[in-house]
Amino acid sequence: MIDQTLSLSEPIGFHPLQGPLLKVGRAKEHFDVLRRESEEFMADDPVEWQTEYDDREDGLREYVVSASLEEDPPIELGLITGDVVQNLRAALDQLVWGISDREKRGRRTAFPIFLSESAYRDNAEPLIEGVTGEGREQIEKWQPFQWGERAADHPLAILRSLSNTDKHRTLLPVAVARRRESVAGYGEWKMEEFTSHRTVIDFDERRIMTFATSGEPPERSTVNAYLTFELTIEGRALVEIESIFYYVGTDVLGWFDRG
């Protein structure tokens, strides 16, 4: 726990929460732009659908429904995401600097993020050497390894991964199919087989659903494949990136603010 009364009336650089809170606010501004521009891209319906079918010798009708993107998401979305994650990462590092003993903090002072407890024990101490009391205990409680097998999906683990990637290359925005798929049609028919996978056709990655029906087959025009697309950044949906903002701002900084 920090000693000062938590008020943002202090000059920046004096109060340990002011810099981090400003960084989180900046991250929020960038995320709002990211969400708006992502929604504008998806609103233009960049997906092309194809449906084909064959009547098989075993009496089943086999359908193949494929979806591919007519255009890639603008690379600028990756740049904006980089602005989001770097501001959030800096907010955490500035927090540790602000609550560390002035005599003990230095070039290595930073907020540790580790997916395994052993890595945390081996590497965290130089980063938080100047942190004492409840602050140090909380930093350990916020570690991704506390989630066990789900550590990689912890908001701070996602933050670390995106932040490290952004340091070396532009984050890659991709529009991909969601993992919820279903099929509907009209007529007296029964779904006998169903598979879903991705494949590359002429260097174009496509989402493919294959299914076979028995009974009165539905007409081609009445087969609806419920497969929707969303935009991801390095495999992470926008809702996961948004969760980082709330975790850093509410759980981490909020704990000090409430204290």
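The values are calculated or read from the model by the stated rules, or taken from the named source; none is laboratory data. This one's a predicted model, so the numbers in the text were calculated from it and none came from an experiment. With ideal geometry, Cβ positions are generated from the backbone for all residues, glycine too; neighbour counts draw on all protein chains shown.
Does ILE139 satisfy the condition of being in a helix (DSSP H, G or I) and among the aliphatic types (A, V, I, L, M)?
Yes: the conditions hold for ILE139.
Quick one: how many residues across the stretch 169-195 are at pLDDT 60 or above, loosely packed, with under 12 Cβ neighbours inside 10 Å and under 18 Å from the mean Cα position of the chain (by Cα)?
Residues that pass the stated criteria total 1.
Restricting attention to the stretch 116-130, report how many residues are of a type in the set (D, E, K, R) and in a helix (DSSP H, G or I).
Looking only at that region, the number is 3.
Evaluate the stretch 98-107: report whether one residue or more is surrounded by fewer than 19 Cβ atoms within 10 Å (Cβ to Cβ) and either under 17 Å from ASN164 (Cα atoms) or in contact (Cβ under 8 Å) with a residue 60 or more places away in the chain (or both).
no
Picking from VAL85, VAL131, which residue would you name as being of a type in the set (A, V, I, L, M, F, W, C) and either within 22 Å of the chain's Cα centre (by Cα) or at pLDDT 95 or above (or both)?
Checking each option against the conditions leaves just VAL85.
Whether any residue in the stretch 136-156 is surrounded by fewer than 20 Cβ atoms within 10 Å (Cβ to Cβ), more than 17 Å from TYR247 (Cα to Cα) and within 20 Å of the chain's Cα centre (by Cα) is what I want to check.
Looking for residues that are surrounded by fewer than 20 Cβ atoms within 10 Å (Cβ to Cβ), more than 17 Å from TYR247 (Cα to Cα) and within 20 Å of the chain's Cα centre (by Cα), one finds at least one in the stretch 136-156, hence yes.
Is it the case, given these coordinates, that LEU69 is under 28 Å from the mean Cα position of the chain (by Cα), modelled with pLDDT under 80, surrounded by 14 or more Cβ atoms within 10 Å (Cβ to Cβ) and over 21 Å from LYS141 (Cα atoms)?
yes
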